[in-house]
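Before any comments, here is the structure.
The values are calculated or read from the model by the stated rules, or taken from the named source; none is laboratory data. Note that this is a predicted model, so its numbers are computed, not measured. Because the Cβ atoms are built from the backbone with ideal geometry, glycine has one as well, and the counts that use them run over all protein chains shown.
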Amino acid sequence: MNGELTAHSVADFPPRTTWIEVSRSALAHNLYLLRSRLAPTTQLMAVVKANAYGHGAAETARTLQQAGADHFAVATLSEAIELRQAGIARPILVLGYTPPWHAASALAHAVTLTVFELETATALHAAAKAMGQRLTVHVKVNTGMNRLGVRPEAAPALLTALATLDGLTVEGVFTHFATSDETDKQHAEAQFTRFQALLETLRQAGLRPPLAHAANSAALLTMPHTHLDLVRSGIALYGLDPDMTQCTLPAGFRPALTWKAIVTQVSDLAPGEAVSYGREFIADRPMRTATLPIGYADGFPRRPQTWGSVLIHGQLAPILGRVCMDQTVVDVTAIEAATGPVQQGDEVVIIGRQGDATLSAETASARVGTNNYDIVSRILARVPRIYVA
């Protein structure tokens, strides 16, 4: 863009001056690559919690359902209901804790819940019986993550008790790895050994549910012996590394998300003039600056560390001063010297490729001091998602 809009209709332009583009074909392609690593009997659960890691839950799930995802997983019941209202018909598992007073909603929307202790399970059973229905549940086992779950030694007793509750259908049992994205697999293997031992105990007692699952994206890629009946893939579906140093994606995966904006103003900055709140940046030479319509209310971090730069004309434009709630200022002095004037309406890439340059979520995460999960999941809903081929 260069500010000239007369040759286009309003429909050609996004609803805001910053937006996310999500590639449907990249999502489907990544799902295909992941499934190609599985045995025909192993099902794939697409994890679309946290607004599908920032990609937009409803449309992402529709795309993945069409591409053949067998199940979906979310963090909360409200996320599951959003998927049902969007037309998702495949089984949906809530991975986190759901209190008993949400049982009616879970039943009404045919959502599968996670349980890990008898008190909540009994209350869910009573609610289902009162409605004349059966609630499907998976049992979460804590093999070493030490977050949620029943410990392996207590799990057989829990499964035995659940078998007496005819308001519940125990469909699955699962655990979650703490370190499968690390090169050292010792802890992950120890977790899996504990889980396998439990599965054998349950099998011998006639208590093993139909679906046992443990593998997340990292384990799917690097620990094929953990695939079991079902795998849960999140980050890899979006074309992002489980870990940018210890567990990178194999060749062929494609990031599905690009974050763009346009330049809203280009200005001259004289020596001694400051930029943004607190006057933290003061020019020591004549400069050209560009203002961008993105800020921390969009999920663009303010401090202690910022993104560092964005792409304009295929080159890095450093951030100047504090990121504001809705706006950010960048230095385009060197860009203008190399490529010509920067103008209102020029495209800005915050995540993605522009020309021969790429600013990935992994690069941004290293600059901010976090991981790529955080980078894409923190992009707020007020940034429109546009779905492209």
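Points to keep in mind about this one:
- Segment 233-250 - residue that is in contact with a Phe, Trp or Tyr (Cβ under 8 Å, 6 or more places away or on another chain) and assigned to a loop (DSSP other than H, G, I, E, B) and, of those, farthest from Leu34 (Cα to Cα): Leu240
- Which listed residue, of Thr264, Thr245, Thr258, Thr222, is without any contact (Cβ under 8 Å) to a residue 12 or more places away in the chain, more than 25 Å from Arg151 (Cβ to Cβ) and β-branched (Val, Ile, Thr): Thr245
- Residues of segment 332-357 that turn out to be surrounded by fewer than 21 Cβ atoms within 10 Å (Cβ to Cβ) and over 28 Å from Leu240 (Cβ atoms), as a count: 11
- Looking only at residues in segment 293-321 that are under 19 Å from Ala338 (Cβ atoms), among the hydrophobic types (A, V, I, L, M, F, W, C) and surrounded by 18 or more Cβ atoms within 10 Å (Cβ to Cβ), the one that is nearest to the chain's Cα centre (by Cα) is Val310.
- Residue in segment 324-346 that is under 17 Å from Arg378 (Cα atoms) and among the hydrophobic types (A, V, I, L, M, F, W, C) present: yes
- Hey, Gly172 crowded, with 22+ Cβ neighbours inside 10 Å, in the same structural domain as Gly96 (by TED's automatic domain parsing), touching a His at 6+ places or on another chain (Cβ under 7 Å) and small (Gly, Ala, Ser) or not: yes
- In segment 175-208, the residues that are of a type in the set (A, V, I, L, M) and within 24 Å of the chain's Cα centre (by Cα): Ala178, Ala188
- With respect to the stated conditions, Leu135 is in the same structural domain as Thr114 (by TED's automatic domain parsing) and buried (at least 23 other Cβ atoms within 10 Å of the Cβ).
- Screening the candidates Ala297, Ala290 for the property of being of a type outside the set (Val, Ile, Thr), farther than 25 Å from Tyr373 by Cβ and not in a loop (DSSP other than H, G, I, E, B) yields one hit, Ala290.
- Pro301 being of a type outside the set (Asp, Glu), touching a helix residue (DSSP H, G or I) at 6+ places or on another chain (Cβ under 9 Å) and touching a residue at least 24 places away in the same chain (Cβ under 8 Å): yes
Residues checked against (1) over 17 Å from Ala215 (Cα atoms); (2) at pLDDT 95 or above:
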site	(1), (2)
Leu5	yes, no
Val10	yes, no
Val48	no, yes
His55	yes, yes
